[in-house]
Amino acid sequence: GLEFIRNEPVKWLKLLLKKFFLFWNAYEYPININYYAAREMIPFFRLPSHQILVRGLPLVGFGLISPLALFGLFLARRKNGQVKLLFFYIFSVLFTNLFFFVASEYRFPAVPILLIFTAYTIYWWFEKIKKREYRSFFISLFTVMILGIGANWKVPPAANTLHYSLGNAYSEKGDYLKAREEYHQALRRAPDFVEVYINLANVYLDLGEFELAEKCLQRAQMLKPDDVGIYNNLGLLNLKQGNYQEAEKFFKKTLEMNSNYGPGYCNLGEMYYTLRRDEEAIKFLEQGLEVDPYPQNYYWLLRIYKETDNDKKAKETFTLGLKKYEEEISRRPEEGDLYSEYALFLLESGLKEEVITSNVNRIFNFAEKGINLRRSPFAYYVLGRVYLLNSQIEQSLHYFTKSLALNPNDAETYLWLGKIYKYWLNESREATDSKAREYFTQGLRINPYYRFLKEEMNN
């Protein structure tokens, strides 16, 4: 935070101004309890705020309280005594929100005091009308109306955050169909909701629907051109299709935007490893570990050291990676893909085969935990790899096929299906070789430059 303030003082000041505006805005930014979700699900809350009556008292929204209270603060600015304490309290809450972040739960402590100043504005109006000082009354009314426009400016539609949150929940469980439905519902209500486009693109990436993912990311890029994650996802999109020059351009752009962005280093390392540019891969993966110990960096380093027979570095990397994955799992215990990544990391441990085999139950546990939490194509792919490790060929084929049913455009899964037919099945050699080549060919249609597929085709 302090580094951002020092390096980007103008952006920091703009952020403070934005938070100041949001503090007085009518929208109730949720953290734990979403008022708009409740309003969507509970008929009582669907009524406009001015129509809701409880024992004859109107429940008004912050969009009305805010402009009246602001004008009341202006009217009372020269009053002394206990009023100054009220000012001090309100601005203490305001500054706490400015230096932390604005949310309805954190703004709420100021509301009871703001109601006092709201009431003071109304009282002042009655006094002006009684004294027939209509000019002062109408000028103040016009001022409050202007403040009201600002307080209610660009308030998001009532339920877009509900559908966005539901989309995230379904996506985390691997229920992609429902996730897409909820994201589209959110976009119908708020067509410029950039986070929805980003997460919808992630769903399409998981499902191998590259054209739709690209459209979502391009739209997100137009709406939020300084978001580093969008450029990273554009890089991943190109990486999955073998467009390595474009992928490199986007990944390097992420590091230009934020030199501490861990995924940028990791993805560059993966890309260079795929291209057999091991020195460059190691360079970026190790740089990534210095700025942000992203667990997948250890996975790719492990693969490089394993393939280059650097047993010492492989064991060191395995030990460090093991510790990092354990830390991440304890920190994010409900993230399914993390367990699947960990199982894959153990598979690629770079140690002797008997050591891997002795840990097969542990690897199974992590892979199954991953798929129970999130039924993603990646989780099915990992489980296919684990069953193959245990020589359970039918189960392995089953899970690889399930992975392709969700994502028919994953070159890596075609690679392993081809390898099963080429090396493991005991059917006629001619039949298995033909089937293997069929899978390798399908994978190369998706990524024509994927070196592991090309190597298998040429062997």
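The values are calculated or read from the model by the stated rules, or taken from the named source; none is laboratory data. Please read these numbers as outputs of a predicted model, since none were measured by experiment. A quick note on method: Cβ atoms are made from the backbone with ideal geometry, for glycine too, and the neighbour counts reach across all protein chains shown.
Here are a few things to note about the model shown:
Every residue, every condition in (1) farther than 19 Å from Lys419 by Cα; (2) in contact (Cβ under 8 Å) with a residue 40 or more places away in the chain; (3) in a helix (DSSP H, G or I); (4) touching a Leu at 6+ places or on another chain (Cβ under 8 Å), yes or no:
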residue	(1), (2), (3), (4)
Arg362	yes, no, yes, yes
Phe366	yes, no, yes, yes
Gly370	yes, no, yes, yes
Phe378	no, yes, yes, no
Val382	no, yes, yes, yes
Ser396	no, no, yes, yes
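- Qualifying residue in segment 260-269 (condition: touching a helix residue (DSSP H, G or I) at 6+ places or on another chain (Cβ under 9 Å), farther than 19 Å from Tyr299 by Cβ and part of a helix (DSSP H, G or I)): no
- Selection of segment 398-410 for residues being part of a helix (DSSP H, G or I) and farther than 23 Å from Ser349 by Cβ yields His398, Thr401, Lys402, Leu404, Ala405, Leu406.
- Thr254 vs. criteria assigned to a helix (DSSP H, G or I), over 25 Å from Leu453 (Cβ atoms) and out of contact with any helix residue (DSSP H, G or I) (no Cβ under 9 Å at 6 or more places or on another chain): no
- Just one of the numbered conditions (1) more than 24 Å from the chain's Cα centre (by Cα); (2) within 26 Å of Lys253 (Cα to Cα) is not true of Leu285: (1).
- Test: residue in segment 412-426 that is under 34 Å from the mean Cα position of the chain (by Cα), surrounded by fewer than 21 Cβ atoms within 10 Å (Cβ to Cβ) and in a loop (DSSP other than H, G, I, E, B): no
- Only one of the numbered conditions (1) at pLDDT 90 or above; (2) of a type in the set (A, V, I, L, M, F, W, C); (3) surrounded by fewer than 16 Cβ atoms within 10 Å (Cβ to Cβ); (4) under 17 Å from Phe20 (Cβ atoms) is not met by Phe95, and that is (1).
Okay, residues lined up against (1) modelled with pLDDT of 90 or more; (2) of a type in the set (Gly, Ala, Ser); (3) in contact with a helix residue (DSSP H, G or I) (Cβ under 6 Å, 6 or more places away or on another chain):
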| residue | (1), (2), (3) |
| --- | --- |
| Ile420 | yes, no, no |
| Trp424 | no, no, yes |
| Ala431 | no, yes, no |
| Tyr439 | yes, no, yes |
| Gln442 | yes, no, yes |
| Ile446 | yes, no, yes |
| Tyr449 | no, no, no |
| Lys454 | yes, no, no |
| Asn458 | no, no, no |
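- Residue check for Arg362: of a type in the set (Lys, Arg) and modelled with pLDDT of 90 or more: no
- Number of positions in segment 197-218 that are charged (D, E, K, R) and in contact (Cβ under 8 Å) with a residue 24 or more places away in the chain: 2
- Cross-chain or 6+ apart pairs with Cβ under 6 Å, segment 224-252 first and free of Cβ contacts under 8 Å to residues at least 60 places away in the same chain, then buried (at least 18 other Cβ atoms within 10 Å of the Cβ) and among the hydroxyl-bearing types (Ser, Thr, Tyr): Val228/Thr254; Val228/Tyr261; Tyr231/Thr254; Asn232/Thr254; Phe250/Tyr231
- Test: residue in segment 177-187 that is closer than 30 Å to Ala76 by Cβ and in contact (Cβ under 8 Å) with a residue 12 or more places away in the chain: no
- Whichever residue in segment 204-237 is surrounded by fewer than 21 Cβ atoms within 10 Å (Cβ to Cβ) and either among the polar types (S, T, N, Q) or under 13 Å from the mean Cα position of the chain (by Cα) (or both) and, among such residues, is farthest from Leu15 (Cα to Cα): Gln218
- In segment 290-301, the residue that is surrounded by the most Cβ atoms within 10 Å (Cβ to Cβ) out of those that are hydrophobic (A, V, I, L, M, F, W, C) and under 18 Å from Ser349 (Cα atoms) is Leu301.
- Evaluation of Glu127 against (1) of a type in the set (D, E, K, R); (2) under 42 Å from the mean Cα position of the chain (by Cα); (3) over 27 Å from Leu15 (Cβ atoms) (one fails), failing number: (2)
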